[in-house]
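The values are calculated or read from the model by the stated rules, or taken from the named source; none is laboratory data. All figures in this text were calculated on a predicted structure; none of them were measured in a lab. As a convention, Cβ positions derive from the backbone with ideal geometry for all residues, glycine included, and neighbour counts pool all protein chains shown.
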Amino acid sequence: MYCTKCGNQIMPNSMFCTSCGSPVAQAQVNQTHQYQYQQYAEAKAKSAVSTVMGIIGFFVFGFLSLYFLGIFDNCSQPPRPTQQVIEERRGGRIGDYYLSVLGVRHIENDMIAITYEFTNLSDSTTSFMLSVKGTVFQDGIELDSPFLSPQGVDNSLSLSDIMPRKTIIVERAYYLTSTSDLVIILDRWVSVNERDRLQFTIPYRDIE
């Protein structure tokens, strides 16, 4: 604000000009007060907006973190069947997929083929191999799979994409190491909790 008499700059809230001593017009004082109040209101509004955006960002980040960790999968799924029920059915749900073991058969003296049923319950196209992994054990040791599909076993379907709500039958071959019972574990490649795992015990005598 400036003096209307001499043009000298006047400090805010001053009643008189420090250069010529002329009284400051009330209109100028009111204008200064209005400008200061406007500056204060704008600063307060910016601070409120920043606070609200920070809170929204915090909740969005938390929601996305829980989503990608699969926490909401546990909330949306029905109660998990007991291990006894899973063993009897030889099937269960893993996240957005349903898997079951349809059968185990000998294909050579030291080799077996396990038939899996895979249902895609997600909203996107996927394949058996990219969605879940199947590991088979004997005596606590993981069984190896042949690099090439043996005669009578078609492993190619495990890489075939299937659309949502569709089912595919997949066979995988494994080398036996003994006549002990088989333990089959099915889970997702990235698993964050026990709900993403199924385990079945197949007695050796039940292998066809």
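What residue, among those in region 105-140 that are more than 33 Å from the chain's Cα centre (by Cα) and part of a loop (DSSP other than H, G, I, E, B), is farthest from Leu176 (Cα to Cα)?
Asp139
Is there a residue being in contact (Cβ under 8 Å) with a residue 12 or more places away in the chain and aliphatic (A, V, I, L, M) anywhere in region 190-198? Break it down stepwise before answering.
Taking region 190-198 first, the residues in contact (Cβ under 8 Å) with a residue 12 or more places away in the chain are 192-193, 195-198.
Those left that are additionally aliphatic (A, V, I, L, M): 192, 198.
Yes, that holds for at least one residue.
Pick from region 150-165 the residues that are at pLDDT below 90 and touching a Leu at 6+ places or on another chain (Cβ under 9 Å): which of them is surrounded by the fewest Cβ atoms within 10 Å (Cβ to Cβ)?
Leu159
Does any residue of region 181-195 turn out to be closer than 14 Å to Arg105 by Cβ, at pLDDT 90 or above and touching a helix residue (DSSP H, G or I) at 6+ places or on another chain (Cβ under 8 Å)?
Yes, that holds for at least one residue.
Could you please find all residues in region 141-178 being in contact (Cβ under 8 Å) with a residue 12 or more places away in the chain, farther than 22 Å from Thr119 by Cβ and part of a loop (DSSP other than H, G, I, E, B)?
Scanning region 141-178 gives Leu143, Asp144, Ser145, Pro146, Ser149, Pro150, Gln151, Gly152, Leu176, Thr177, Ser178.
Out of (1) hydrophobic (A, V, I, L, M, F, W, C); (2) touching a strand residue (DSSP E or B) at 6+ places or on another chain (Cβ under 6 Å); (3) surrounded by fewer than 15 Cβ atoms within 10 Å (Cβ to Cβ), the odd one out for Phe147 is which?
Checking Phe147 against (1) hydrophobic (A, V, I, L, M, F, W, C); (2) touching a strand residue (DSSP E or B) at 6+ places or on another chain (Cβ under 6 Å); (3) surrounded by fewer than 15 Cβ atoms within 10 Å (Cβ to Cβ), the one that fails is (2).
Here's the yes/no breakdown for (1) modelled with pLDDT of 80 or more; (2) in contact with a helix residue (DSSP H, G or I) (Cβ under 6 Å, 6 or more places away or on another chain); (3) not assigned by TED's automatic domain parsing to the domain that holds Ser158:
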residue	(1), (2), (3)
Asp73	no, no, yes
Glu87	no, no, no
Gly92	yes, yes, no
Asp96	yes, no, no
Leu99	yes, no, no
Tyr116	yes, no, no
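Please work out if Asp196 is touching a strand residue (DSSP E or B) at 6+ places or on another chain (Cβ under 7 Å), assigned by TED's automatic domain parsing to the domain that holds Asp96 and loosely packed, with under 12 Cβ neighbours inside 10 Å.
So Asp196 does not fit the description; no.
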